[in-house]
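Here it is: the structure, laid out below.
Quick note: the coordinates plus some simple rules give every number you see, no bench work behind them. Owing to the predicted nature of the structure, the values given are computational and were not obtained by experimental measurement. Neighbour counts are summed over all protein chains in view; Cβ atoms, including those assigned to glycine, are modelled from backbone coordinates with ideal geometry.
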Amino acid sequence: MGKTIWYNYTINKIQRSVDSYPDEFAFLEDYKYTLGADQLTAAGQQQMVNSGIRFYRYYEPLANRHSPFVRSSGQTRVIESAEKWLEGFAQAKDDGKPSSNMVIISEDEGSNNTLSHNLCTAFEKGPASIVGSAAQNAWVEIFIPPIQTRINEKLVGANLTQSETIFLMDLCPFETVAHPTAKVSQFCSLFSKKEWQQYDYYQSLGKYYGYADGNPLGATQGVGFVNELIARMTGKPVQDDTCTNHTLDSNGETFPLGRKLYADFSHDNDMTSIFSAFGLYNDTTPLSNTTLENIKDTNGYSASWTVPFAARAYFEKMTCVDEDEEFVRIIVNDRILPLKYCGGDKHGRCKLSAFVDSMAFARSGGHWNQCFV
């Protein structure tokens, strides 16, 4: 059963079983569930338009002279995100020229795709596939029972389970982004600030142990993209035997080198693995699944910081005055990453050669040899 069905089931269960809806719960009596599944909402569309506008303005000297080369993973929502981003870019540029062509990489089963994981059997179906949910379940046993008790006391007869309590929390962000202007959902007011911090940590555990450093094969899912980026930055053919599509990457039409601007569109889980493959959060120690940790405790790691709605990362290659070698800088959702592992300076820049050398994990294929054992 997809989650959207469970959300509807939870609302129906409440409305079948509850006679009184006190205080902030009053709206639930007549609430109609209308959310779809895997769709880009109106607010999401505008976020992507805004993202394209912002990208153009941020890199305007380059963007005035160069069009971005665009790739998208094959899910409809991701393709639409790319199209809306291009719409915003074109709107900001305002030169009347058509948008860039886009390479769409299939998500069909068995397809090699650096923007959507599905090949590594041990990750998809083996023990690694349940590491994230196990970490979340341990935390659920700690933070959800008091919330569950409070709601069931307010909504007499609801008898919500732990999972249904989480579904009710999920509806806050999903209802908010489903609104055309992202008006904050009434579901958000059902929970306290502390409870939202606990929920945020629940999501962070899912990403960290499901797709990042907390999963033995998490970073490996992002290795292919790292090797593609190295190829783009060095102007040399892709060297990778993991999830890259060799047919596309060996063709100058579908994977050109020497371009000034590139834009790739993917999923939050895949971005999480890619960040891990780049080692962006190497200073984060394994997250506790029994104690709430704040952003300082995690050295900047949080699902809401790394992969919020419309998450973005900029990978920059630059030349600097009086420097013989090019530099690399990485910005995730407007935060400059320190890149300590390759000698990042106070501006977050490290030399290109040092950056490439620091990508030894990706260049050696990560743990791809464990994927089909």
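Once Lys and Arg get +1 and Asp and Glu get -1 on their Cβ, which of Pro61, Ser106, Gln91 lies farthest toward the positive end of the dipole of the chain?
Pro61
Magnitude of the Cβ-charge dipole of the range 2-77, K/R +1 and D/E -1, about the Cα centre, nearest 20 debye?
Computed charge dipole of the range 2-77: roughly 620 debye.
Let me ask another. Past the 31 Å Cα-Cα mark, which pairs from Lys84/Lys183; Lys183/Lys260; Lys84/Lys193; Lys84/Lys260; Lys32/Lys154?
Correct reply: Lys183/Lys260; Lys84/Lys193.
With each pseudo-label sitting 7 Å past Cα toward Cβ, what's the Val184-Ser17 distance in nm, one decimal?
So the label points at Val184 and Ser17 sit 2.9 nm apart.
Any chance you could check the Cα centroid distance between the range 172-231 and the range 264-284 for me, in angstrom?
Cα centroid to Cα centroid, the span is 12 Å.
Also, quick follow-up: Are there any trypsin sites (Lys or Arg not before Pro) in the range 41-132 that are in a DSSP loop and have at most 11 other Cβ atoms within 10 Å? List them by number.
Details: sites: Arg54, Arg57, Arg65, Arg71, Arg77, Lys84, Lys93, Lys125; in loops: Arg65, Lys125.
Sparse-neighbourhood loop trypsin sites (Lys or Arg not before Pro): Arg65, Lys125.
Moving on to the next point. Given R₀ = 30 Å, FRET efficiency for Tyr58-Asp297 by Cβ-Cβ distance, to 0.05? Write out the running numbers ahead of the final one.
On the way: r = 31 Å, r/R0 = 1.03.
For Tyr58 and Asp297, the calculated efficiency is 0.45.
Right, here's the next one. Hey, rough spin-label estimate for Tyr9 and Ala138, points 7 angstrom out along Cα→Cβ, what's it come to in nanometres?
Between Tyr9 and Ala138, the label points sit 2.7 nm apart.
May I ask for the percentage of alpha-carbon pairs in the range 138-270 that lie more than 19 Å from each other?
65 percent
Please work out the FRET efficiency for the pair Asp334 and Arg65, using the Cβ-Cβ distance as r and a Förster radius of 35 Å; give the result to the nearest 0.05.
0.90
Additional query: If you take all C-alpha pairs in the chain, what percent of them are over 29 Å apart?
47 percent
Kindly point out, ordered by number, any Cys in the chain whose beta-carbon has no other cysteine beta-carbon under 4.7 Å away.
Taking the Cβ cut-off of 4.7 Å, the unpaired cysteines of the chain are Cys243, Cys320.
Using alpha carbons only, what's the Rg to Rh ratio of the range 216-337 with Rh from Kirkwood?
Rounded to two decimals, Rg over Rh is 1.00.
Let me ask something else. So what's the net charge close to Gly279: Lys and Arg +1, Asp and Glu -1, counting the other residues with Cβ under 14 Å from its Cβ?
Its environment carries a net charge of -1.
Using alpha-carbon pairs under 8 Å, 6+ residues apart, how would you state the relative contact order of the chain in percent?
With pairs under 8 Å counted, the relative contact order is 19 percent.
Pick from Gln91, Gln198, Gln221: which residue has the top mean-square fluctuation in a GNM of the chain where Cα pairs under 10 Å get a spring?
Largest GNM mean-square fluctuation: Gln91.
Right, something else. Out of the range 296-373, which trypsin sites (Lys or Arg not before Pro) are coil in DSSP terms and have no more than 15 other C-beta atoms within 10 Å?
Those that pass, being in a loop and sparsely packed, are Lys296, Lys346.
Next question. Please work out how much length the chain gains when fully extended from Thr319 to Val373, using 0.36 nm per residue of separation minus the C-alpha to C-alpha distance, in nm with one decimal.
The span from Thr319 to Val373 would gain 15.1 nm if fully extended.
For the range 296-373, state which chymotrypsin sites (Phe, Trp or Tyr not before Pro) are in a DSSP loop and have at most 12 other beta carbons lying within 10 Å of their beta carbon.
The qualifying sites are Phe372.
Then there is this: For the chain, set up a Gaussian network in which alpha carbons nearer than 10 Å are linked by springs, and say which option among Phe27, Phe275, Phe89 fluctuates the most.
Phe27
Relative to the longest principal axis of the C-alpha atoms of the chain, give the angle of the C-alpha long axis of helix 223-234, reported between 0 and 90° and rounded to the nearest 10°.
40 degrees
Just to check, using Stokes-Einstein with a Kirkwood Rh over alpha carbon pairs, what's the diffusion coefficient of the range 204-282 at 4 °C and 1.567 mPa s in µm²/s? Each step should come with its number before you reach the end.
Working: Rh = 13.2 Å.
So the translational diffusion coefficient is about 98 µm²/s.
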